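The values are calculated or read from the model by the stated rules, or taken from the named source; none is laboratory data. Keep in mind that this is a model prediction, so the values were computed, not measured. Every residue, glycine among them, receives a Cβ derived from its backbone with ideal geometry; neighbour counts consider all protein chains shown.
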Amino acid sequence: MNAVKHSDYWEDTLIIVTYDEHGGRWDHVTPPVTGIWGDGSRVPGIIIGPLAKRHYVDHTQYDTLSILKTIEERFGLQPLSDLDAHATSLKNALR
């Protein structure tokens with residue numbers, strides 16, 4: 001991350017750190033139900049970069065497709081499926 005931060009690309013960079021801890025089963029909040037795949041997951045994430053809001057905790061409900069949705073919106077790309085078409089982009093967490 002430091003190499004990217006000190007590169008010429010930093011001003012146009014958004015780093016998203018996330019992991020899937022398997023369906024939110026160990027979370028303090030019941031995971032959402034998302035259709036045929038069963039329990040949804042609560043996936044923690046950290047957004048790093050000059051475009052991220054500073055000192056901000058976003059309580060918007062996202063899913064892993066929110067990353068794809070953000071890329072699609074940023075570059076004017078068509079959604080790959082109905083799932084990412086209806087996902088929430090990460091723009092609320094960005095400046």
Search segment 2-20 for residues being surrounded by 10 or more Cβ atoms within 10 Å (Cβ to Cβ) and either on the phi > 0 side of the Ramachandran plot or of a type in the set (D, E, K, R) (or both), and hand back the single one that is nearest to the chain's Cα centre (by Cα). Asp20
Positions within segment 28-69 being surrounded by fewer than 17 Cβ atoms within 10 Å (Cβ to Cβ), at pLDDT 75 or above and on the phi > 0 side of the Ramachandran plot, in sequence order: His55
